[in-house]
Amino acid sequence: MNQFKSIPGTFDILPEGYTSGGDAIAPVRVWQHVESVVREVMSAYGAREIRTPILEPTELIARGVGQLTDIVAKEMFAFQRGKTNYVLRPEVTAPVMRAYLQHHLEQVSAVQKLFYIGPCFRAERPQKGRYRQFHQFGFEIIGTSDSRSDAETIASAVDIYRKLGITDITLKLNSLGDEKSRPRYKEALVSYLTPLADQLSEVSKNRLVSNPMRILDTKNESEQELLKNAPILLDFIDEESLANFEEVKSHLDSIGITYVVDPFLVRGLDYYSRTSFEIESDALGAQAALAGGGRYDLLSTELGAKRVVPAVGFAAGMERLLMALEVADKQNISALRPDAFLVALGDEALDWVFKTAYELRASGLNIDYDLKGRSMKAQMREANRRGARFVVIVGGDELASGQAQVKDMDQSEQKVVPFANLARELKTR
Ligand code: AMP
């Protein structure tokens, strides 16, 4: 028989955790917990949630993210129907800026703080920490070039990791300068690397022509050695960007957020200018980047806006965060336990359980019971497995007396409770 499986690089998130090809997929409650921490921290920063479509026009991503980036050149799930080109969004910053421009959000407030949580798609070779469907959360501050907004975005990301107990992180910081700085730097970098080209990998040789700054990202140790004496971007950037970089650093200093300046941090997306940053987990191996971001003042005009809309933001991977959480293992995220599990002895009792479960749920309690009509022993085992706070046992005698046996599973105590008082009893904790 044909058995369907999820597509490699995508996975199901189940109520229970499991491992799939070496990856530990966290149970859904852990995802929910992380999402609620993201929402809490974002609210603390005055950000409001935005939800944009998964499907976007391909041109939005091609223009927004940049033709020469890996994402656009080879990682888009894109297709055509009729005359329209669609893409499954590979990231959410360009969609958020599209929505901002489309709905004239600048008229709602001068500075928009928006956050999102949701799936993204990239046609990557699946490996640990790198998937085809993954999840990002992110924060965008749109409408201001104040360097405090750069610092706030960074601080909010750091806060999320701290709140989850992921403390062994490194914040890398750089400035990319304005749009005139980079061509000057690119030229210097190409002049430096061209005589060394025969020592570069095939990939880097190609990049020397197409996108030389990406060579700085290399993980190849001998190339990293070659780069030791390469020109430094910070030496080529304009005065204003340099002053701005000093401001961002001093804001971070003033709130005690530590960073390392990494002159080779250029990031893979084209829309960044000035501040660029990445947060790495010290506990993860090859795919250590938890989050990345920066200032993207040029994105709005790239998308056709008549004016520059200054903006800054970060995007973070949920899966990578969950991997770091697993390594940190400091989090005791309790399962959602039923308030009570109702145990029925006999058919008549099961009818009572069905009806009572309905009424107790309506009064706000989480209630479950065995839908297979199994033995008392099997029902008790199920109640235990689910971690129920109380077990309510009802058979013929209880139906006759109008009173249930209520077992407090934490205290291992049992008492008799009239049916009319059940809801109140189960709400005592
Ligand atoms: P980027 O938009 O490429 O800067 O990605 C931001 C963050 O999303 C990264 O730091 C990763 O944590 C995460 N991420 C990006 N691509 C993937 C992927 N294919 N699988 C899992 N996480 C990813």
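Data overview
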| item | result |
| --- | --- |
| J(HN,Hα) series, segment 68-75, from Karplus relation 6.51 cos²θ - 1.76 cosθ + 1.60, nearest Hz, glycine and proline x | 8, 6, 4, 4, 6, 5, 9, 10 |
| Computed over the chain, Kirkwood Rh from alpha-carbon pairs, angstrom | 25.0 |
| ARG274, ARG89, ARG148 arranged by Cβ crowding within 10 Å, fewest neighbours leading | ARG148, ARG89, ARG274 |
| Cα-derived Rg to Rh of segment 320-429, Kirkwood definition | 1.08 |
| Distance between segment 112-160 and segment 23-80 - C-alpha centres, whole angstrom | 7 |
| Segment 165-170 - phi-based ³J(HN,Hα) in whole Hz, Karplus 6.51/-1.76/1.60, Gly and Pro as x | x, 8, 9, 7, 10, 10 |
| Three-way shape call for segment 67-196 based on the alpha-carbon gyration tensor, with the a/c threshold at 1.5 | rounded |
| Pairwise centroid distance, computed over Cα atoms, of segment 347-380 with segment 195-262, Å | 63 |
| Sum of -39500 (n - 2.57) over DSSP H runs of 4+, divided by residues of the chain (222 nm, nearest 500) | -10500 deg cm²/dmol |
| Fewest-first ranking of SER300, SER401, using other Cβ atoms within 10 Å as the exposure measure | SER401, SER300 |
| Cα-based shape type of segment 63-105, given that a ≥ b ≥ c are square roots of the gyration tensor eigenvalues and the cut on a/c is 1.5 | oblate |
| Cα gyration tensor shape for segment 175-309, rounded if a/c is under 1.5, else prolate or oblate | oblate |
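Read the figures in this text as sums done on the coordinates, not as results from a lab. Nothing here was measured: the structure is a model prediction, and the numbers come from that model. Note: ideal-geometry Cβ built from the backbone for every residue, glycine included; neighbour counts use all protein chains shown.
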